Amino acid sequence: MWIKELLADYLATTSIFEMAFHRQIAKNKVTDLSPQIFKHLLKIWVLEYPNDSNHWRKEINTWFYYINDIRLKPNNKKPSKQELYHWLIFDSAPHYSIEYINEVIETWDGGEYETIRIRDFDPAIVLEQILQVINQVCADISVGKFKNINNYL
């Protein structure tokens, strides 16, 4: 019995075990925010509703500031640009695509934003623009240079 406890204590103090555990927690924190970030960027691009635009930008900033504060153990480093981007786009649910954008817009049009005018837009272009913004933000977060989402829009 004491050998099992000794081994568990040893594994808990190794950097490999600690880093993997904390990396997964960091990944979960980022992937949990991904749908909100994506939808708020989509709102900025397609909804003609200036009253809430600043509100959406503030929320996006809050989420990116939260991601900006994430460090990985054992050496207290930020996740790389590639890790952040992968977590935000590929490891989160849903899968971001033209079809996803069309589904979200259709839901908004018949629901909470049915009285708001939707701009004419090409979903492929909007998707590309959102992915470019997220990529640029990830690059800046990875080196501690993210300041405000307005710098990317």
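Laboratory data are not the source of any read-out in this text; all were calculated from the coordinates shown. Please read these numbers as outputs of a predicted model, since none were measured by experiment.
For the residue pairs Lys39/Lys147; Lys43/Lys73; Lys58/Lys81, the alpha carbons lie more than 28 Å apart in Lys43/Lys73. Under 5 Å between amide hydrogens, built in the peptide plane, is the criterion, and for Lys78 it picks out Leu72 among residues at least 5 positions away or on other chains. Once you've got the GNM for the chain with C-alpha springs shorter than 10 Å, pick whichever of Arg119, Arg71, Arg57 has the biggest mean-square fluctuation. Highest fluctuation of the listed residues: Arg119. Its relative contact order, with pairs defined as Cα atoms under 8 Å and 6+ residues apart, puts the chain at 30 percent. Please report how far the C-alpha centroid of the stretch 23-83 lies from that of the stretch 92-153, rounded to the nearest whole angstrom. Measuring centre to centre over Cα atoms gives 12 Å. With respect to the chain, whose longest principal axis is taken over its alpha-carbon atoms, helix 123-142 is tilted by about 40°.
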